[in-house]
1. Say R0 is 45 Å: what FRET efficiency, to the nearest 0.05, do A:Gln38 and A:Phe226 get from their beta-carbon distance?
2. On alpha carbon coordinates alone, what is the Rg over Rh value for chain B, Rh being the Kirkwood radius?
3. Arrange the following residues from fewest to most other Cβ atoms within 10 Å of their Cβ: A:Tyr26, A:Tyr135, B:Tyr50.
4. Whole angstrom only: what separates the Cα centroid of the range A:157-206 from the Cα centroid of the range B:1-45?
5. In Å³ and rounded to a whole number, note down the convex hull volume per residue for the Cα atoms of the range A:119-218.
6. Given the rule -39500 (n - 2.57) for each run of at least 4 DSSP H residues, summed and divided by the residues of chain B, what is its mean residue ellipticity at 222 nm, to the nearest 500 deg cm²/dmol?
7. Could you line up A:Ile250, A:Ile143 from fewest to most neighbouring Cβ atoms inside 10 Å?
8. What FRET efficiency would be calculated for the residue pair A:Leu21, B:Glu139, taking the C-beta separation as r and a Förster radius of 25 Å, to the nearest 0.05?
Amino acid sequence: MKQKPLSDIDLQLFLAKALPLRKRLYIRILLLLSPELQKQYATIVAENATFMNREQPRLHQSLFGKSTKSAPTPKTSLFMVPWLKPALSFALVALIALPMVTTYMATNTHSPGQPYYASKGSGLGVSLYKKEKEYTLLSDSHITLNISDTLQLMPMGTSDQFVALYTLHNNTLSRIYPEEAQVLTLFNEQTLPPSLIFDGDTTRLIAVTAETQHALTQVEQIIAGFTSGYAQTPPLSHLVDNIYIQPFLITLEVPHD
Amino acid sequence: MNNRQLENLFMQFSPLAFSVSVSVLHSREEAEDVVQELFLNRVPKMIDRYSDVSPEEMGRIIARSAKNLSIDMFRKKRRYPEQQIGETDAVTQVENPAETPEVTTLLNAVNETDREVLTLKYLNKLTWTQVAETLGLSEVGSRKRGRIALERIKNLVKRG
């Protein structure tokens, strides 16, 4: 059977989920089977990322009066962010340790005593790692930590995603990442959110991921409608409008005598 | 018209609209103007007019409108538009995004359950365990169905 080559617009319609189900499935299968199409797809994704970084923030600013551009990444070595207190139980720490993570990911080797990290598949979602001399995967959604333990979020899959992080503390929802943007922020193995340091108060960390950009107002509306689910132990994950919401309950570790 | 709805449509479909426009105009600056005009004047009216269409259909309507606006702009700015515009990707694909014979042939090569397995696994990105639970199959059975279906399609594409 002769296959017509797919055009860039076919792939754009696919990416925007603006095709009927059968045609989306057709393109997804061809993407699995054709390295050439994978290259074409990667180019389109890169072009979209350029648009999202250049034209889209300007357009958003002119249409809605606010920019989608993310705040610049903090560059100091270590800091506590005063505006996050007292509502948050986490404080952002700088990205000083991230090169260790990304270097490790680039080599992707794993030996005893080395941090272990491996993205697999193309699924949505985050994995939480406790950062010490090595990285320990925290596989439960109820996590116990010591004061000053540091957490790092990693993407569960290898595809580009968009992310936001919130804490729900004393029924107050606070966004901790991105700081100033109005939309979810790009998230992949090379672009990670800052590490988080635990200050000892029980809190719920909510990680929001999606394959496409969404306005944070929409995300916050969804979270606000599901707070009883997050209050459970362990808290419940859910997927709404292709937005995946993963809550983690984080409590102080009780010392054993 | 709901402003949040407009913002969500902008976030979801502006890359598509921009890409369609660039493919007609070959200019990022002009395409940016088209997208601005589209979401400022046209999409708000569409939200009211097409309130009952699915999001995927709305995406195609927006893409079609981006194409038409781009052609209008092309004609305004060039002296001999008819000689230059041609049948671009945007013109043909946005007009006819529905099922082509290739899609039908390829997908009909596998049965409905296998198509559901492929849809859940590769479009909805479920794990094999979730695929099995959803379809009432065993996990091994789901994997096997997925592998055989993909193999069958692969052979069909290779024969191309």
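Where a number appears in this text, it was derived from the coordinates with a stated rule and is not lab data. This one's a predicted model, so the numbers in the text were calculated from it and none came from an experiment. All Cβ positions, glycine included, derive from the backbone under ideal geometry; neighbour counts span all protein chains shown.
1. Given R0 = 45 Å and the Cβ-Cβ separation, E is 0.80.
2. Here Rg/Rh amounts to 1.11.
3. Going from least to most buried by this count: B:Tyr50, A:Tyr135, A:Tyr26.
4. 29
5. 106
6. -22500 deg cm²/dmol
7. Arranged by neighbour count, lowest to highest, A:Ile250, A:Ile143 become A:Ile143, A:Ile250.
8. Efficiency at R0 = 25 Å is approximately 0.55.
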